[in-house]
Structure formats: C-alpha cells, structure tokens
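**Student:** Once you've had a glance at the structure underneath, I'll fire off some questions.
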Amino acid sequence: MIARLTTGVVRRSTVLLALLLGALVAAPWFVNDYLLTVLILILYFAYAGQAWNIMMGFAGQLSLGHAIYVGLGGYVAATLFVRFGVAPWLGLLAAIPIAAAAGAFIGFLAFRFGVAGVYFAILTIAFAEFARIGFDHWDLVNASSGLFLPVREYAHNDLWRLRGDPTMFYYVILAATVVAFALCRLLLRSRVGYFWLAIREDEQAARAAGIDTFRYKMYAVMISAAVTAFAGVFYAFFYNNLFPEQVFGISRSIGIILGPIIGGVGTLFGPILGAFVLTGLAETLNSVMTAFGLDLPGATQVFYGICLLLVVVALPDGVWPPLARRLGVAEDGK
Amino acid sequence: MTRISMQANRRRMLAGAAATAATLAAPAILRAAGGALRVGVLLPRSGFEAGIGQDCQRGADLAPAILKSLGLPDITLMNADTESNVDTARARAEKLIGDGAQLLVGAFDSGQTTAIAQVAEQKGIPFVINIAAAPAITEQGYKFVFRNFPTAPMILGDAFANQKNIFAAIGAAPKSVVFMHVNDTFGTAMAKGIGAVMPKFNMPYTIAEEIAYDPAARDLSVEVAKAKAADADALLVVSRLNDAMLLTRELVKQRWTPQAILSMGPGWYDDQYLKTLGSLADGPISFVPWYDPHKKLTQVLEAALAKADSNVNLNTNHIFTFEALLVAADAYRRAGSTDPKALAAAIRTTNITDNVSIGPGIAFNAKGQNDKVKDGAIQNRGGKLLTLAPKDAANAKPEWPMRSYLSRG
Amino acid sequence: MPLEVYFNVVIGGVLTGLVYGLMALGLSVIFGVVRVVNFAHGEMMTIAMFIAVLAFSALHLDPLIMLIPIAAVMFVFGYALQVALINPFIRRPEHTQFLLLVALAIIIANTLLIIFGPDARSVQTAYALDSFQLGPIIIDAAKVYAGAAAILFTVALFAFFRLTLVGKAIRACADNYTGALVVGLDVQRLYALTFGLGAACVGAAGAMLVLVVDVTPMLGPSYTLLAFVIVITGGLGSMPGALVGGVLIGVTEALAGLLFTPSAKSMFAFAILVLVLLFRPQGLLGRRLS
C-alpha cells in the first residue's frame, strides 16, 4: 500500500510535500491564535474540498449540494453525543454509513434514471434543501432553534471526546486532511480510480469498454459522502452548535466547492491549494480593509468576488496545474 | 564619554526596536496600559442578517461619546463584520483579540454568538452579548460571557404579564388567538417556550391555531388566509421585519383586521415598518425588551440618535448594543485596568441603575445573565412608539381594538 | 376549512406562479440556447427590482410602466455580460461556469448592499393594497396585474422566437450549433442576444415582483433556486414549460402551506422537482434529452 502510495511520484514533489507537511505540523508553535484559527478553516475547506473532488474531479459527477453530507455527519455525531454521551469517534461510525447511504440514495435515483450533468447538479441541491427544511422541523435535533453541544470541559484536551483547545482541533483536521489526501491518491492509482477517470472523460466510451458505470459512479458518490461526513463531525465539535440553516445551506455547499475549483478540479493538490488561496484571500482582504480603516460592509466580498472572477478567467483549469508545471511536479495522468 | 553615549544610544535604539517589535507582535500588551478600552464589536453587517447588524451598529457608534459625557472612561470601537456566518464570526473574534481588543461585544445571532463565546472563554476575554435570546448560551458554565438581554422564556413571561395588565386596564380581552411565528432560531425558541410559560399565567385566551412560516418566505398570503380562516379574535406573532411587513399587507388585502396584533419579537416596531406602511402601521402592540422613556439616559441616547440619524426611532437593537458598551465602560472604570480578568471580575459585580432599558437596571447572575431586565409593551401610533406597560415606564394608554385597516386613509 | 379559502389560496398560487414563471423563463431561455446555467439569476433580478424601486421613489414611475424600460436595461446588461465575460466559458465545463457566475452573484449582491444598504425596499403604488372581491373570494390586485403582464410578456417572447428571423436563427443555434455555424450564422452575436433576452425576462419579472415583495440585496439566492426548481419542473429550454412550472410550483406551495405547516412548504416544491427529475427528466413540457 505504501508502495502504491509513493510509486510514480516525482522526487521533487515528495520533498515539497514533506516540507509543506513539516511546516504545517510546526505551525502551532509559530503562529498566533488568529492565524491558527485561519489555518483550521483552511484545512477544513481543504478536507471537504478533497472529499468533493472524489465525486466531481475523479468521476465527473457535479454535486452542488455537498452540504447535505456535512450536515448529516455533524448532526448524527452531535445528536449521539448530546443525547446519549456517545464519543464523536464512535458517532462517526454511525455518521459515515448514514452519509454514504444518503449519497447512495441520491446516486441510485439519479443514475438509474439517467439524470446527468446540470440536472444531476440541481438534484443534489434539491436534496440538500430538502434536508435543511426537514431538519428545521425535526424536534429530536432541536429543529431551527439549534443543537448546542456542552462546552464545559475545556480545561484539558480530550481527544476521544473532541473537547479541547484549537491546537488539538488543528492537529485533528491536519491529520484528516493528510489521510484524505493519501486516500485520494490511493483511489486514483487503483482500478476504481482508472474507471472513474474513464467515466469522467467519456461515459459512453467507458460503458462501451465494459465498465459498469452505474456501479462506479455509485462508489464515487458513497465514498465522497462518507469522507465529507467527517467534515460535519469536525464542524459540530469545533463550533459546538449546529443550525440547519448554517450546515445544510446552499452557501456551505458553495463554500466547499469553490476551493477545489480554484485549485484545480481533478488534481490531488488542487483542493488544498484552493483552500489556502480562498481563505487566505478573504482574510487578507479583511486585514487590508481594517488597515486602511475602511469599514464598509460588503466591500470585502466585492473584492473577493472580483478576485474569484479574475482567477477563473485567467486560469480556467485552476491555479494548481500551471503552478505544478512551473514547479516541475505536474501530477501524472493530467 | 562618547563611548558611553554611543552605548546609551545603542541601548535606546535597541529598546526602540524592541518596542516596535512588541507593537508588531503583540499590540495588546503595549496599548493596554492606560488610555481607552479597546472593545471589539462583532455584528452581522453583511449577509442575510445585514439589516439588523447595521442597525445594531448605530447603537454602538453612539456609545463612546455618550459614555464619555457621563464621565465614564474612553472606549475605542474595533468593528468587525461576521458576514452572518458562524465560521467568519469565530475568525473575526480571534482577529480582534489578536489586534488588541480587550473586551468583545456582539453578535445578535445565537449561532455566531456561541462561536464567539468559545473564543472569549478560551482567551479569558470578557464578552458582553448585546442580543441573542437562545437560552443555551448562558447555560454553558462560561466565566467570561455576559448577556444583558432576556432569554426567550423571560420574554414570554413578561409578554404575558404585560398583556394581562393591558387587558385589565381596558376591561377587554381576546378569547382566542392565532399564533404565527417565523421558523428560525428565535421563533422556534419562543414557540417551544410558550407551551411551558403560558399555563403559568392563566391567560384569558386560547391558541386556536399555530402557524409556523419560513424565515425566507416570499409570500405570506396562504399563511394569512389560514389564520383568517381560524376565526380567532387576535393575532399573536413572533416575526422579523420583512415578514411583519408582508403579513400586514396581506391582512389589508385579505380584509381582515384582528382585534389586536400582539407581537413578541422584532418587526412590528421597526422604523422601516412604520415608514413603509404609514397609517397601516398603527395599532400593533409589541411585547419586547425596550427602553424606559422616563430614564435620563434614554433621553440622552434618543437625542444623540436623533442628531446622528434623524430618520431613525430608538429601538431594541440600539438600546442593547449601547448598553453592552455601557457595561464595558462601567467595568473598565471600576476595574481601573484593561486586564481581562479584572474586567470580567468587574462585570460580574456590575450594578448599573442609570440605564436605558426597562427594569431596575443591569446586574448579572452567576451564569452571566441579567435576570433583572424587563420587557415593555409598546404600541405604534401615528408613526411613534408609545409605551403602555409596565406601569412605571408607561407614557400612554392602549388603543383597543385596532382600527379597521379598511377605514384608514 | 371553508371551501373559499382553497379557492383564494389556489388563485393566489396561480398568479404568483405566473410571475415566478416569467423569472424562470429567463433562465430557461439562456440555458436552452447558450447551455449556460445562470447561477447569478436571482441577483440579476434583484438589480431589476432596485431599478424599479429607484424609478418609483425618485420619479414616481409605476413599475408596470417601467417594465419595458427595465427589461431593456437588463437586456443591455445581459448582452454585455455575455460578450465580455461569459462567451469564453460556453464550451468550458459546468463547474467553471458555475464559479464564474457565483463570483458574479457575490459581486452583484454586495455592490447592491453597499449602494442601497441592507434594508428592504418597496414600491407603494396606489393599487398596492387593493384586492378584488367576488363574493367570498378575494383576489390580490397587484398579483392580477403582474400575472397578466407575465403572460403578455411571455406571449411576445414566444412570438419573437417563432415569427422573427432573428428568433428563428437563435432557435437554429440551439438545435444544432455546428449546423448554425455552417450556414453562416453569427453564433456569438445570437448568444449575446439570447443572454440579453433572458436578462430582459428576469428584468420584467423583477419589475412586477416589486409590486408584491420587498427587495433586499440578499434576496438573490432564494430566487435563483426557485428558478431552477421551476424550469426543471417545466422543462429546461421550454418556454411554455417555464410558465407551467411556475404555476405548478406556486399552487403546490400554496396548497402545501394550507394543508401542512407553511414553514415546510418549499419542501413540497423540492419534492416535485425530485419526482419530475426521476420520472420525466426532460421536464413536463421539455423535449426528450438526446
């Protein structure tokens, strides 16, 4: 497995990745609390983007409703924790199958009935909205008044119950991002991965070549949903409150998607780079505004939108592919 | 001689460099000594809560000058926009503290407030909540979080008590009401609370029908048709601004004037409501956290607001954001230091009687909740807001029943 | 519940649905021809609504009179947008188009926030609060005018596509892109025209909607979503489909609000969308997908 993880990797990219990982591991000693929070946000988006990328980047299925898996993951683990005291890692064991089952349900309906492309994308939004309104009315999860996790035991870090300071959460999400990255790499180098790429490039040709496209598309949706579920668990335990509006909303889906698109859809490093670029951009803009004493609500977002626009016009394939070529670490298969 | 002075020079230069470095690295420490208290104000001024967030900001912007005129120490506002988003709220709170904020105020929304509260608690920076009614926030055992705003059950309790006072004063009461509420955090908290709180008050009316509607509703014609068909005497509502306006228009179009509209939330007293609807805005009674028109500070705040923004009537958003800063400045004066621990200790012993909101004043219980704050009953009349209850704060008698919408110009 | 309540609610649902349908029609026209899903659709409508509010508050121009000028302004906006920004993206993958239009939506919404502030704005016409009473049935006057205007506008657009040369050329582009190139049609200009027409629809819809809803800068996303639901239900690319979808969704939401809890009524709209996608993916009036 290790061999499969590393074969075919340019040495330079191993070195660069190791350097980046080293820097990230060491970061809590060097950055202040604000930057640590920003790094947590970045890694959270990198992780969720990586998960989304499995479905879109690898298998070519555009999901615009990924918040549904974040929400399901978060709500399952948080409800188990609040109501029954189940530790989040055990809760994850319930959250993952539930999210995967939701993905399977959506995928089954869509792929069986030949719903594809834009239609599929809008179907995913519809399900996410459906879930949002449903949770808004579900008393077990406190409906729209929000599910609050108890935060009393903050004095010490409890990794098992995910109660602790931001540094602990930072390492948790860093580890998760590394795992997701490795998992994606493995998937891409596996039989499933090759079939996905074939489906993404030309589904009819893939089918003609004897690939059971329905099955492999189902795998993509389910794995992507399962991986995304952890992002929800993390969100729930980091922020300690869940509101259907915040976790299932279309803006959360968009937030997840922007990173990998900016970074480079279908690439392994794109989602991570995209998260750095976007969150970094938002925070930088904010700091610049503050430094200039410009306190105009909405202005930051206008500049943010303009930057997005410029990036997508200038680099329609994302930031990573050209950068990777420049660094001489272009990912194989691209 | 030269040698010594050179050394001295160098030492001074080094000291200067160190100071510069310190300013860059930890501005908090350097600027903390004496001077103004740096207060981070976190409000949702863009995104879907932008309207309320920007309205709250008005109350904050007025505060420093008024507080100074009261002889309280200087405060400097550091404003941040949470963009109506929990993730952003947390990052902004961290940033403000990193930039040297010694106390935080905010954040209107319960979710964002919870996220900020955790940062404040971890850093040991006091956080004074201006508005956020979810009871859970002060049930978490926080040591640095304070709320000078009633929880949903408190709002309900005061609303029922004030309603009974009004019914007694006019010698009439509705026999049944339709309860319409927006299905958001606040609306649901109120709807859940009503079952527990209402029986304690032995109200003269029953709830004929409960209608929950979407906070993003584009159209409330069905909701109003349903309410009208329930054939109740009065309308009991928990809403926001946009839906309050939509509801009123539908009432007019569907030609139904209930005996009374009893609101237990924002919307019906908002400036925009009054301005947009003109004579149709008259009549609703809001049972909400409000100002006591007889208090001295109220008049000061009202005058300051009139000067800053002549189109705006003083409301809950301004009052409680202002009072949060009042709590901050008062604590700073008593603590005599910007040390967060000293500030928090001072806030815990707050006892402000000269304030704006109704009730005996501002003091916090062991959970950090001001359980003394009282709500009022206010009625819209001729574009103005008159206080009907409680008795000490009242400046008008209720107009009952509501004038028919169809007979208005 | 008395029977007339059902009549009232259904009639209201039909009228509102017509206006929603016109708004969705813009999305449908653009997708049917240019094959770009306009994720900034709701924001474009918000622009139109603010123009209507400005025209009314500054010059007392009734939104129904302003309907055509606003549609014209939005036409220019849409045309320019297509030429300047969207054109290079037509052959690019959907997620790239999505990002482009989401960025545009963010810019529009927040620019409106900076210019107009966050408060809800409305238009108080003399008839804004009128209603017609026919026995026990009460009908909202503004909705009647808006619904009628929506039908007229759609008929005009339909005639344009069926009867004029340019309209036919645009349809040719939609049917067969390569063929259109071969016969020498200026596809880029036709695409820009189409985008302009789609924007004009949404502009007209916005001008009518200010009669019944208040506008805020953050209104966009919920209307974009609504437009998706409607056009997919009715058939993406089908003009009558958009109106039918609008009416269907309008009536569904109205009845769901009446029979169940109104706060969950849009769930029923999404349920209809899901059912349509599963059993008739091309939409109620859409053509079979190739």
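**Student:** I need a count of the residues in region A:99-121 that are in a helix (DSSP H, G or I), more than 19 Å from the chain's Cα centre (by Cα) and aliphatic (A, V, I, L, M).
**Tutor:** 3
**Student:** Another question about this same structure. Taking the conditions exactly as written (buried (at least 20 other Cβ atoms within 10 Å of the Cβ), modelled with pLDDT under 95, farther than 30 Å from B:Ala161 by Cβ and among the hydroxyl-bearing types (Ser, Thr, Tyr)), does B:Thr338 satisfy them or not?
**Tutor:** For B:Thr338, the condition - buried (at least 20 other Cβ atoms within 10 Å of the Cβ), modelled with pLDDT under 95, farther than 30 Å from B:Ala161 by Cβ and among the hydroxyl-bearing types (Ser, Thr, Tyr) - is met.
**Student:** Select from region C:130-160 the residues that are part of a strand (DSSP E or B), among the β-branched types (Val, Ile, Thr) and out of contact with any strand residue (DSSP E or B) (no Cβ under 6 Å at 6 or more places or on another chain) and list them in ascending order.
**Tutor:** Residue satisfying the conditions is C:Ile137 alone.
**Student:** Ok, one more. Mind counting the residues in region B:258-309 that are among the aromatic types (Phe, Trp, Tyr) and in a loop (DSSP other than H, G, I, E, B)?
**Tutor:** Looking only at that region, the number is 3.
**Student:** Also, quick follow-up: List every residue pair whose Cβ atoms lie under 7 Å apart, where the two residues are 6 or more positions apart in sequence or sit on different chains, the first residue falls within region C:21-32 and is surrounded by fewer than 24 Cβ atoms within 10 Å (Cβ to Cβ), and the second residue, located anywhere, is not in a helix (DSSP H, G or I).
**Tutor:** Within 7 Å, the pairs are C:Phe31/C:Val37; C:Phe31/C:Leu236; C:Phe31/C:Gly237.
**Student:** Can I ask one more? Just checking, how many residues over region B:361-395 are in contact with a Leu (Cβ under 9 Å, 6 or more places away or on another chain), of a type in the set (Gly, Ala, Ser) and either without any contact (Cβ under 8 Å) to a residue 24 or more places away in the chain or surrounded by fewer than 22 Cβ atoms within 10 Å (Cβ to Cβ) (or both)?
**Tutor:** 2
**Student:** Would you mention how many residues in region A:288-321 are closer than 17 Å to B:Leu43 by Cβ, part of a loop (DSSP other than H, G, I, E, B) and at the interface with another protein chain (Cβ under 9 Å from one of its Cβ atoms)?
**Tutor:** The number of residues fulfilling the criteria is 4.
**Student:** Evaluate region A:322-334: report whether one residue or more is within 11 Å of another protein chain (Cβ to nearest Cβ) and either modelled with pLDDT under 95 or surrounded by fewer than 18 Cβ atoms within 10 Å (Cβ to Cβ) (or both).
**Tutor:** Scanning region A:322-334, I find no residue that is within 11 Å of another protein chain (Cβ to nearest Cβ) and either modelled with pLDDT under 95 or surrounded by fewer than 18 Cβ atoms within 10 Å (Cβ to Cβ) (or both), so the answer is no.
**Student:** Next question. Please determine whether any residue of region B:184-207 is touching a residue at least 40 places away in the same chain (Cβ under 8 Å), over 30 Å from B:Leu326 (Cβ atoms) and among the aromatic types (Phe, Trp, Tyr).
**Tutor:** Looking through region B:184-207, at least one residue is touching a residue at least 40 places away in the same chain (Cβ under 8 Å), over 30 Å from B:Leu326 (Cβ atoms) and among the aromatic types (Phe, Trp, Tyr).
Residues checked against (1) more than 9 Å from every other protein chain (Cβ to nearest Cβ); (2) surrounded by fewer than 24 Cβ atoms within 10 Å (Cβ to Cβ); (3) of a type in the set (S, T, N, Q):
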{"site": "C:Tyr191", "(1), (2), (3)": "yes, no, no"}
{"site": "C:Tyr223", "(1), (2), (3)": "no, no, no"}
{"site": "C:Gly246", "(1), (2), (3)": "yes, no, no"}
{"site": "C:Thr252", "(1), (2), (3)": "yes, yes, yes"}
{"site": "C:Ser263", "(1), (2), (3)": "no, no, yes"}
{"site": "C:Arg280", "(1), (2), (3)": "yes, yes, no"}
{"site": "C:Gly286", "(1), (2), (3)": "yes, yes, no"}
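**Student:** Are any of the residues in region C:94-107 buried (at least 18 other Cβ atoms within 10 Å of the Cβ) and within 12 Å of chain B (Cβ to nearest Cβ)?
**Tutor:** Yes, there is a match, as at least one residue in region C:94-107 is buried (at least 18 other Cβ atoms within 10 Å of the Cβ) and within 12 Å of chain B (Cβ to nearest Cβ).
**Student:** Could you tell me whether C:Gly257 is within 18 Å of C:Ser28 (Cα to Cα) and within 14 Å of chain B (Cβ to nearest Cβ)?
**Tutor:** Taking the combined requirement at face value, the residue does not satisfy it.
**Student:** Hey, another quick one. Quick check: is even one residue across region B:248-267 under 23 Å from the mean Cα position of the chain (by Cα), closer than 16 Å to C:Val123 by Cβ, surrounded by fewer than 24 Cβ atoms within 10 Å (Cβ to Cβ) and of a type in the set (Val, Ile, Thr)?
**Tutor:** No, that holds for no residue.
**Student:** Sticking with this one: If we scan region A:39-49, do we find a residue that is touching a residue at least 60 places away in the same chain (Cβ under 8 Å), in a helix (DSSP H, G or I), within 12 Å of another protein chain (Cβ to nearest Cβ) and hydroxyl-bearing (Ser, Thr, Tyr)?
**Tutor:** Yes; the residues of region A:39-49 include at least one that is touching a residue at least 60 places away in the same chain (Cβ under 8 Å), in a helix (DSSP H, G or I), within 12 Å of another protein chain (Cβ to nearest Cβ) and hydroxyl-bearing (Ser, Thr, Tyr).
**Student:** Kindly list the number of the only condition in (1) in a helix (DSSP H, G or I); (2) under 18 Å from the mean Cα position of the chain (by Cα); (3) within 22 Å of A:Phe292 (Cβ to Cβ) that fails for B:Gly51.
**Tutor:** (3)
**Student:** Go through (1) over 17 Å from C:Val36 (Cβ atoms); (2) more than 14 Å from chain B (Cβ to nearest Cβ) and name the single condition C:Phe195 misses.
**Tutor:** Evaluating C:Phe195 over (1) over 17 Å from C:Val36 (Cβ atoms); (2) more than 14 Å from chain B (Cβ to nearest Cβ) leaves (1) as the failure.
**Student:** Would a scan of region C:126-143 turn up a residue that is closer than 23 Å to C:Gly286 by Cα and not polar (S, T, N, Q)?
**Tutor:** Checked against the condition, which is being closer than 23 Å to C:Gly286 by Cα and not polar (S, T, N, Q), region C:126-143 yields no hits at all.
**Student:** Take region A:115-156 and flag every residue that is buried (at least 21 other Cβ atoms within 10 Å of the Cβ) and of a type in the set (Gly, Ala, Ser).
**Tutor:** Correct list: A:Ala121, A:Ala126, A:Ala128, A:Ala131, A:Ala143, A:Ser144, A:Ser145, A:Gly146.
**Student:** Taking region A:227-274, which residues are part of a helix (DSSP H, G or I), within 9 Å of another protein chain (Cβ to nearest Cβ) and over 29 Å from A:Arg200 (Cβ atoms)?
**Tutor:** Across region A:227-274, the qualifying residues are A:Phe238, A:Tyr239, A:Glu245, A:Gln246.
**Student:** Test A:Ala27 against the criterion of being under 25 Å from A:Leu258 (Cβ atoms), more than 14 Å from chain B (Cβ to nearest Cβ), surrounded by fewer than 19 Cβ atoms within 10 Å (Cβ to Cβ) and among the small types (Gly, Ala, Ser), and give yes or no.
**Tutor:** Considered against the rule, which asks whether it is under 25 Å from A:Leu258 (Cβ atoms), more than 14 Å from chain B (Cβ to nearest Cβ), surrounded by fewer than 19 Cβ atoms within 10 Å (Cβ to Cβ) and among the small types (Gly, Ala, Ser), A:Ala27 comes out as yes.
**Student:** For region B:142-251, please list each of the strands (runs of 3 or more DSSP E) lying entirely inside it that holds at least 1 residues being more than 9 Å from chain C (Cβ to nearest Cβ) and under 30 Å from B:Gln102 (Cα atoms).
**Tutor:** Ranges flagged: B:145-147.
**Student:** Next question. Suppose we keep only residues that are at pLDDT 95 or above and polar (S, T, N, Q) within region A:187-242. Which one would you say is nearest to the chain's Cα centre (by Cα)?
**Tutor:** It comes out as A:Thr228.
**Student:** Within region C:81-93, how many residues turn out to be among the aliphatic types (A, V, I, L, M), free of Cβ contacts under 8 Å to residues at least 40 places away in the same chain and either closer than 30 Å to B:Asp81 by Cα or more than 8 Å from every other protein chain (Cβ to nearest Cβ) (or both)?
**Tutor:** Selection size over region C:81-93: 1.
**Student:** How many residues does region B:332-367 contain that are touching a strand residue (DSSP E or B) at 6+ places or on another chain (Cβ under 6 Å) and either on the phi > 0 side of the Ramachandran plot or in the same structural domain as B:Ala393 (by TED's automatic domain parsing) (or both)?
**Tutor:** Counting residues in region B:332-367 that are touching a strand residue (DSSP E or B) at 6+ places or on another chain (Cβ under 6 Å) and either on the phi > 0 side of the Ramachandran plot or in the same structural domain as B:Ala393 (by TED's automatic domain parsing) (or both) gives 1.
**Student:** Now a separate question. Determine whether region B:123-132 contains at least one residue that is over 17 Å from B:Leu37 (Cα atoms), within 12 Å of another protein chain (Cβ to nearest Cβ) and buried (at least 24 other Cβ atoms within 10 Å of the Cβ).
**Tutor:** yes
**Student:** Take C:Val73 and tell me if it is assigned to a helix (DSSP H, G or I) and either touching a strand residue (DSSP E or B) at 6+ places or on another chain (Cβ under 8 Å) or more than 8 Å from every other protein chain (Cβ to nearest Cβ) (or both).
**Tutor:** Considered against the rule, which asks whether it is assigned to a helix (DSSP H, G or I) and either touching a strand residue (DSSP E or B) at 6+ places or on another chain (Cβ under 8 Å) or more than 8 Å from every other protein chain (Cβ to nearest Cβ) (or both), C:Val73 comes out as yes.
**Student:** Could you please give the count of residues in region C:109-123 that are hydrophobic (A, V, I, L, M, F, W, C), surrounded by fewer than 18 Cβ atoms within 10 Å (Cβ to Cβ) and more than 17 Å from A:Tyr304 (Cβ to Cβ)?
**Tutor:** Of the residues in that region, 2 qualify.
**Student:** Okay, next question. Filter region B:91-137 down to the residues that are part of a strand (DSSP E or B) and at negative phi and list them by number.
**Tutor:** Those that are part of a strand (DSSP E or B) and at negative phi: B:Leu103, B:Leu104, B:Val105, B:Phe127, B:Val128, B:Ile129.
The values are calculated or read from the model by the stated rules, or taken from the named source; none is laboratory data. Note that the coordinates shown come from a computational prediction; the quantities given were computed from them, not determined experimentally. A quick note on method: Cβ atoms are made from the backbone with ideal geometry, for glycine too, and the neighbour counts reach across all protein chains shown.
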